[in-house]
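Contents: one structure, followed by commentary.
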Amino acid sequence: MPDPGGTAAALASGAGDAADAAARTVPDYLLHTYRWAYLDRRMLFWLDRPAVVSAILWGNAGRLMAAAASCFEAGQSVLQAAAVYGDFSARLAQQLGERGRLEVVDAAPLQVANLRRKLRGRRNVRVRVHDLRQPLARRFDGVCCFFLLHEVPAEARGRIVDNLLAGVEAGGRVVFVDYHRPGAGHPLGLPMRWIFRRFEPFAESLLDQDLATLAGRPQDFTWRKTLVFGGLYQIVVATAGPDRSAGGAGPGPASR
């Protein structure tokens, strides 16, 4: 069997992303856990469809995407943390408008190459390879993290959350949309437990976690949490205070 990391790099190279692929290594958790979803061109062909994304989220994709995009304003610079299948990036770019700026980063070169193809011609969008376990090089007006945290190992979440929080200016928003423990008696409770065990092995550890507890300095932000679809999904907005230290959010629990 060919090396999955080499496959991903080769596919990205074919799409003009050779420099990015050569400079960075795909994280182990992607290679060993999510290769089928994010590093396989054949699966990309099937998964990267709005109808499929909607089905995966039980018909809530449009609702959740619209809620996330509405947290940002035209003319802002926004970082999208990881590529998203479907049309989420296009929606977000549309929300920001021609005077805004959307930067999308992803650790998988194949996802970067695919998103560059989909957003070709949009002058307000930049897509590049970056492992969010590493600090960002600059700050933005806002950051959007759409269904990423449940796909990373628990020990990496604090580092990623802190890097995203450190990536916004004072007064900026970091928006997290992800899974949450549904209420007792939710009709999808049992099916989702099976799905998590079978396809999303890191998700269970996120469901009951208060996202603010992942931050090294949660007091530098105002946190607002909204539950959606009987509690199966959560939208958490962290707004940076005006007196946040210039050094950012500080090291998170996972990086200590």
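The values are calculated or read from the model by the stated rules, or taken from the named source; none is laboratory data. Keep in mind that this is a model prediction, so the values were computed, not measured. No Cβ is skipped: glycine too gets one built from the backbone with ideal geometry, and neighbour counts run over all protein chains shown.
Key figures
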item	result
Residue in the range 214-233 that is farthest from residue 166 (Cα to Cα), counting only those that are in a helix (DSSP H, G or I) and touching a residue at least 40 places away in the same chain (Cβ under 8 Å)	214
Residue match in the range 26-47 (condition: assigned to a loop (DSSP other than H, G, I, E, B) and surrounded by fewer than 16 Cβ atoms within 10 Å (Cβ to Cβ))	no
Qualifying positions in the range 190-213 - surrounded by 16 or more Cβ atoms within 10 Å (Cβ to Cβ) and in contact (Cβ under 8 Å) with a residue 60 or more places away in the chain	202, 211
Residue in the range 125-132 that is surrounded by fewer than 23 Cβ atoms within 10 Å (Cβ to Cβ) and basic (Lys, Arg) present	yes
Test result for residue 139, basic (Lys, Arg), under 15 Å from the mean Cα position of the chain (by Cα) and either at pLDDT 95 or above or more than 24 Å from residue 99 (Cα to Cα) (or both)	no
Residue 61 being free of Cβ contacts under 8 Å to residues at least 24 places away in the same chain and within 22 Å of residue 177 (Cβ to Cβ)	no
Number of the exception - residue 138 against (1) more than 19 Å from residue 64 (Cβ to Cβ); (2) touching a Phe, Trp or Tyr at 6+ places or on another chain (Cβ under 8 Å); (3) surrounded by fewer than 23 Cβ atoms within 10 Å (Cβ to Cβ)	(2)
Residue identified as surrounded by 19 or more Cβ atoms within 10 Å (Cβ to Cβ) and touching a His at 6+ places or on another chain (Cβ under 8 Å) among 81, 61, 113, 107	107
Filter result for residue 157 (charged (D, E, K, R) and crowded, with 23+ Cβ neighbours inside 10 Å)	yes
Flag for residue 89 being closer than 30 Å to residue 230 by Cα and surrounded by fewer than 21 Cβ atoms within 10 Å (Cβ to Cβ)	no
Subset tally (residues that are in contact with a helix residue (DSSP H, G or I) (Cβ under 8 Å, 6 or more places away or on another chain), more than 21 Å from residue 63 (Cα to Cα) and charged (D, E, K, R)) for the range 154-205	6
Within the range 160-189, considering residues that are aliphatic (A, V, I, L, M) and more than 12 Å from the chain's Cα centre (by Cα), the one surrounded by the fewest Cβ atoms within 10 Å (Cβ to Cβ)	184
